[in-house]
Amino acid sequence: MTESGGREWTFLTSHARVLVHVARNPQARIRDIADACLLSIRAVQLILDDLEEAGYLTRQRTGRHNTYRVTPGTHMRRAADGPRTVALVLDLPEQTDH
């Protein structure tokens, strides 16, 4: 997106876009996530690793496919985001089982 003044920026980070896509499409292939988020496959792989390491999602391997599950009770990383959970931001139901 180009704003007046010529600077380009996006509203959501790449990590947020990937997390939103996975929340909506838990069985999406990495290639599909990359296409939807306008990222390279390698970038998506790294982002998924980051999100899993930070506890924002888990992945379960079934045969040749992954199924992703967003951890809704995980809190946002920045203090400026307040005490919001991922579930609130992504409009997901809170779940108590982990």
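The values are calculated or read from the model by the stated rules, or taken from the named source; none is laboratory data. Here the structure is a predicted model, which is why all the values come from computation and not from measurement. Quick reminder, even Gly has a Cβ in these numbers, built from the backbone with ideal geometry, and neighbours come from all protein chains shown.
Just give me the residues in the stretch 36-63 being in contact with a helix residue (DSSP H, G or I) (Cβ under 9 Å, 6 or more places away or on another chain) and either among the β-branched types (Val, Ile, Thr) or more than 21 Å from THR74 (Cβ to Cβ) (or both), in sequence order.
Of everything in the stretch 36-63, those that are in contact with a helix residue (DSSP H, G or I) (Cβ under 9 Å, 6 or more places away or on another chain) and either among the β-branched types (Val, Ile, Thr) or more than 21 Å from THR74 (Cβ to Cβ) (or both) turn out to be ALA36, LEU38, LEU39, SER40, ILE41, ARG42, ALA43, VAL44, ILE47, THR58.
Within the stretch 51-74, can you find the residues that are of a type in the set (Asp, Glu) and surrounded by 14 or more Cβ atoms within 10 Å (Cβ to Cβ)?
Step one: list which residues in the stretch 51-74 are of a type in the set (Asp, Glu), which gives 52-53.
If the condition is that a residue be of a type in the set (Asp, Glu) and surrounded by 14 or more Cβ atoms within 10 Å (Cβ to Cβ), then GLU52 is the only one that fits.
Matching residues to (1) within 13 Å of the chain's Cα centre (by Cα); (2) of a type in the set (Asp, Glu); (3) assigned to a helix (DSSP H, G or I); (4) at pLDDT below 90:
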| site | (1), (2), (3), (4) |
| --- | --- |
| ALA16 | yes, no, yes, yes |
| ARG31 | no, no, yes, no |
| ASP35 | no, yes, yes, no |
| VAL44 | yes, no, yes, no |
| LEU48 | yes, no, yes, no |
| GLY55 | yes, no, no, no |
| THR58 | yes, no, no, no |
| PRO72 | yes, no, no, yes |
| PRO93 | no, no, no, yes |
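Read through the list (1) touching a residue at least 40 places away in the same chain (Cβ under 8 Å); (2) assigned to a loop (DSSP other than H, G, I, E, B); (3) surrounded by 13 or more Cβ atoms within 10 Å (Cβ to Cβ), then give the number of the only condition that LEU39 fails.
(1)
Filter the stretch 18-29 for residues that are in a helix (DSSP H, G or I), surrounded by 13 or more Cβ atoms within 10 Å (Cβ to Cβ) and more than 8 Å from the chain's Cα centre (by Cα) and give the result. Don't jump to the end; show me each part of the working.
Here is the first cut: in the stretch 18-29, the residues in a helix (DSSP H, G or I) are 18-24.
Subset that is surrounded by 13 or more Cβ atoms within 10 Å (Cβ to Cβ): 18-23.
Passing the criteria: none in range.
Starting from the stretch 1-26, keep only residues that are closer than 11 Å to LEU48 by Cα and aliphatic (A, V, I, L, M), then list their pairs with residues that are outside any loop (DSSP other than H, G, I, E, B) and modelled with pLDDT under 75 whose Cβ atoms are within a distance under 8 Å, requiring at least 6 positions of separation or different chains.
LEU19/VAL86; LEU19/LEU90
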